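The values are calculated or read from the model by the stated rules, or taken from the named source; none is laboratory data. Everything numeric in this text was worked out from a predicted model, so none of it was measured. Cβ coordinates were reconstructed from backbone atoms using ideal geometry, including for glycine residues, and neighbour counts include every protein chain displayed. Areas reflect the complete protein model, heavy atoms only, side chains present, ligands, DNA and RNA absent. Shrake-Rupley method; radii C 1.70, N 1.55, O 1.52, S 1.80 Å.
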Amino acid sequence: MPQKSKDDCAEVFRGFIKRYYHVLHKLPGHRAKFYKDDSSWKFSDGEDKEVNAQGREDIGTAFETCPLNGARVDFGYAHAQMTWNEMFGVDAEGNRTHEGIFILVYGSMELNSEGAGQPPRERLFQQAFMLTRKEREGKSMYYCRNDAFAFVGDVAHAVASSAADDKAAA
């Protein structure tokens, strides 16, 4: 299996992030297509709800009631960060092999309003993906093997805390 170059991995990273968050916002019913039968997904609302799902079908069922459906990710937020790293293994002959791409995303997400007349809620989140390469019809395809999502706070609270810290430092 040929090695991936850093440029190839960066292209996969950018393409995956763009497609994944577009589907999350515009086509949430299609999100399970990023996963396969050996995939796992974990969700935490940062308070008391946690969901674990294994396999494409179970993940798709979990997505049906997921509060992320229709959410919009703001990558322009001051604290938004994305990073990736290529993961390697060693085959039986001792050769280094490309195992996949690890992606970490941190930013803010605007959730659909929780009731009529309510403004959308903006929350901070972290999400980690492990994309695994699979050969299909002579082409390298990637799918999401592992996905862990967690809300880590509200944007309004983070902004207020930051302003208070700035004021105290002055």
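For the list (1) modelled with pLDDT of 80 or more; (2) over 13 Å from Asp147 (Cβ atoms); (3) under 16 Å from the mean Cα position of the chain (by Cα), I need the number of the one condition that Ser44 fails.
Among (1) modelled with pLDDT of 80 or more; (2) over 13 Å from Asp147 (Cβ atoms); (3) under 16 Å from the mean Cα position of the chain (by Cα), Ser44 violates only (2).
Restricting to region 47-71, name every residue that is under 22 Å from Pro119 (Cα atoms) and crowded, with 17+ Cβ neighbours inside 10 Å.
Cys66, Leu68, Ala71
Taking Gly117, is it farther than 22 Å from Val12 by Cβ, open to solvent by 70 Å² or more (accessible area, probe 1.4 Å) and at pLDDT below 85?
Yes, satisfied.
Any chance you could count how many residues in region 75-105 are surrounded by 15 or more Cβ atoms within 10 Å (Cβ to Cβ), modelled with pLDDT of 75 or more and within 14 Å of the chain's Cα centre (by Cα)?
4
Since Lys4 meets every condition but one in (1) modelled with pLDDT of 75 or more; (2) at negative phi; (3) buried (at least 16 other Cβ atoms within 10 Å of the Cβ); (4) not aliphatic (A, V, I, L, M), which condition does it not meet?
(1)
Evaluate region 17-24: report whether one residue or more is over 29 Å from Phe88 (Cα atoms) and open to solvent by 80 Å² or more (accessible area, probe 1.4 Å).
Checked region 17-24: no residue is over 29 Å from Phe88 (Cα atoms) and open to solvent by 80 Å² or more (accessible area, probe 1.4 Å).
From the residues in region 129-147 that are among the acidic types (Asp, Glu) and open to solvent by 60 Å² or more (accessible area, probe 1.4 Å), which one is nearest to the chain's Cα centre (by Cα)?
Checking each candidate, the answer is Glu135.
So which residues in region 130-140 are more than 13 Å from Asp8 (Cβ to Cβ) and in contact with a strand residue (DSSP E or B) (Cβ under 9 Å, 6 or more places away or on another chain), if there are any at all?
Hits for region 130-140 are Met130, Thr132, Lys134, Glu135.
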